[in-house]
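Single-structure report; data block below.
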Amino acid sequence: MANIYITTPIYYTNDVPHIGHAYTTVAADVLARFYRFRGDTVFFLTGSDEHGQKIARKAEEMGKTPKEYVDSLVVVFKDLWEKLGISNDHFIRTTDEIHYATCQAFFTKVLAKGDIYKSRYAGLYCTGCESFKDESELVEGKCPDHNKAPEWMEEEDYFFKWSNYQQALEQLFQDKPLFVLPKSRFNETVSFLGQGIKDIPISRTLISWGIPVPDDPDHVLYVWFDALINYLTGIGWNQPELSQRYQTFWEEGKVIHLMAKDILSKHALLWPAMLLSAGVPLPTTCFSHGYFTKDGMKISKSIGNVIDPFALVESYGVDAFRYFFFREFTFGEDGDYREERFESRYNSDLANDLGNLVSRVTVMAQKFLDGRVEQVESQKFAPVIEALWKTWDEDLQNFRFKECLEHIWKFITELNVCVDVEKPWALAKENKRDHLNEVLYTLIEGIRHIALMISPFMPDASKTIYSALGIETFPQSISMEERVFGGLQQPFTIKVQGSLFPKKEKT
Ligand code: MSP
């Protein structure tokens, strides 16, 4: 079994969380739950990026100190993660004391390597991206991501000799074809690298909200240098009491960083160069998903089309939220969000296909067999289930969330067809009790496998289905042997539950 370290970006606490943050975090949670369910050991990290110019300015506007301001937002992020059933093992804040110490130790290592020098920066800076910008990156003089002209900035900074790592990075991309996924993003990164890497400032003096540079407190670390190191702080690098965790997950495990395309180059090009400089092994994969628009338009506060994840969870429930985004959009590609699609998927896939299947099968088992269905030797779906578990594994290991759900739903359709063809109500009427029992056992066993397979996506629904089937406990993990069709044994007594996904009337 493997050790897997999964991370989300740490989000800026300059505002409340939005749909993009929720999307990446749920994706990471699906993976974390998937790997745990296979029996792997997982460490799942998310957190908040609390320094930098953007936050310092916003706090000032709000009449608060930066720390007061970020404290007020961190609780909102944590609240959303709780509402979304996020099972992170740790929540890191870049204002954590330990993170200061880790960043300073890391800086010291890079300095000792000879990769840091002082120089003057005179150029452009986009506060929205917290990034130094080249004229060539602008569209009509503006940052394309923030639609704002960057500011001119001049100051004496510490620079990181990023350019020293041009060759090493080229080698990395030759040797590790899975370092960036999906493939299209890998190719983009390689072509970006082909344009040549330039050194970059890693400290700031015009702002003071940040981690002081060791022995030179007039400088604070550039927010991205500080932020990327969170992945090491969170796993215990340079912390003797956590050395086992660091070794297990970072040195001997598989490290998966998730993010969207906006910040891929920081993860795929800057971060490995920093790690190489500090002598720390590299992560396994940076997976970049796409960006959402809404009704064909960029999502932005100024346009007023922000999608509020709290409101969506409130109206549709956590499981529907976690289902919709991964069934509707291919993970890795951009997606256009439309509320009516949410409603129609909710009604068709969840209320009709899944909810109705569970409800009619359990109701019939209750009504016709008093809820006591006998285990029988049933081979009907054995080959289908065997193949489905195989694709489930492959799909999720390869970040194919949409495909995984499509495969599960194909099986749900098969079970619904089985109900229609076998007509248990007619069997009951004709008093064909053995055949009726066999059909219902087969359906229940099929539903049990569905509950297991959807659990990384919809952990609550999975448990509710298990209770409806009268099975006491939902397993923490499921071995290869347990994936066999027909494994459901006595005793289980069907307990019909209320509707899993009550149908939504047109709003
Ligand atoms: N603080 C940095 C990340 C540092 S990680 C070492 C940052 N924060 S952020 O708050 O701007 O979050 C960016 C991330 O939020 C994206 O990479 C993505 O994961 C998610 N999303 C933000 N907007 C999004 C969309 N419109 N669509 C999809 N995901 C997006 O950058």
Rounded, prolate or oblate (a/c below 1.5 giving rounded, otherwise prolate when a/b exceeds b/c) for region 1-79 by Cα gyration tensor: prolate
Burial ranking of peptide ranges 300-311, 58-69, 436-447, 9-20 (average Cβ count within 10 Å, highest at the top): 436-447, 9-20, 58-69, 300-311
Scattering profile of region 95-146 at q = 0.23 Å⁻¹ [log10 I(q)/I(0), Debye over alpha-carbon scatterers]: -0.87
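What order, most packed first, do the peptides 474-486, 258-270 have when packing is the mean number of other Cβ atoms within 10 Å of each residue? Provide the component values of the computation, followed by the final result.
Working: 474-486: 13.1, 258-270: 20.2.
Result, highest mean first: 258-270, 474-486.
Mean shadow of the chain, computed from the convex hull of its alpha carbons, in nm²? Mind showing how you got there, number by number?
Details: hull surface 101.4 nm².
If I average the Cα hull's projected area over directions, I get 25.3 nm².
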Candidate lysines for bridging to K495, where Cα separation is under 18 Å - those fewer than 8 sequence places away on the same chain excluded: K367, K463
Angle in degrees between helix 401-422 and the longest Cα principal axis of the chain, rounded to the nearest 10: 10
Whole-angstrom gap from region 342-386 to region 310-332, using each part's C-alpha centre: 23
Rotationally averaged projected area of region 339-468 (alpha carbon convex hull; nm²): 8.3
Set of lysines with alpha-carbon distance to K198 below 22 Å, sequence-local pairs under 8 removed: K109, K113, K118, K133, K142, K161, K261, K266
Ellipticity estimate at 222 nm from DSSP helix runs (n ≥ 4, -39,500 (n - 2.57)) divided over the chain, nearest 500: -13500 deg cm²/dmol
Summed side-chain charge close to V16 - residues other than V16 whose Cβ falls under 11 Å, Lys, Arg +1, Asp, Glu -1: -2
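Tell me, what is the FRET efficiency for D134 and R57 to the nearest 0.05, using R0 = 22 angstrom and their Cβ-Cβ distance as r? Write out the running numbers ahead of the final one.
Working: r = 23 Å, r/R0 = 1.04.
Once rounded, the FRET efficiency stands at 0.45.
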Estimated distance in nm for a label pair at E333 and V496, the labels positioned 7 Å out from Cα along Cα-to-Cβ: 4.2
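Answer rounded, prolate or oblate for region 3-290, using the Cα gyration tensor with square roots of eigenvalues a ≥ b ≥ c: rounded when a/c is under 1.5, else prolate when a/b is larger than b/c, else oblate.
Working: a/c = 1.32, a/b = 1.15, b/c = 1.15.
It is rounded, given that a/c, with a ≥ b ≥ c, falls under 1.5.
Can you tell me which of 131-138, 457-464 comes out highest on packing, and rank the rest after it, using the mean Cβ neighbours within 10 Å? Don't skip to the end; give the middle numbers.
Numbers: 131-138: 14.5, 457-464: 20.8.
By packing density, highest mean first, the sequence is 457-464, 131-138.
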Least to most buried among Y23, Y316 (fewest other Cβ within 10 Å first): Y316, Y23
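Kindly put C103, C143 in sequence by how many other C-beta atoms sit within 10 Å of each C-beta, fewest to most. Each step should come with its number before you reach the end.
Details: C103 26, C143 20.
Sorted ascending by nearby Cβ count, the order is C143, C103.
None of the figures in this text is laboratory data; all of them are computed from the coordinates on show. As the structure is a computational prediction, the values presented were derived from the model and not from experiment. All Cβ positions, glycine included, derive from the backbone under ideal geometry; neighbour counts span all protein chains shown.
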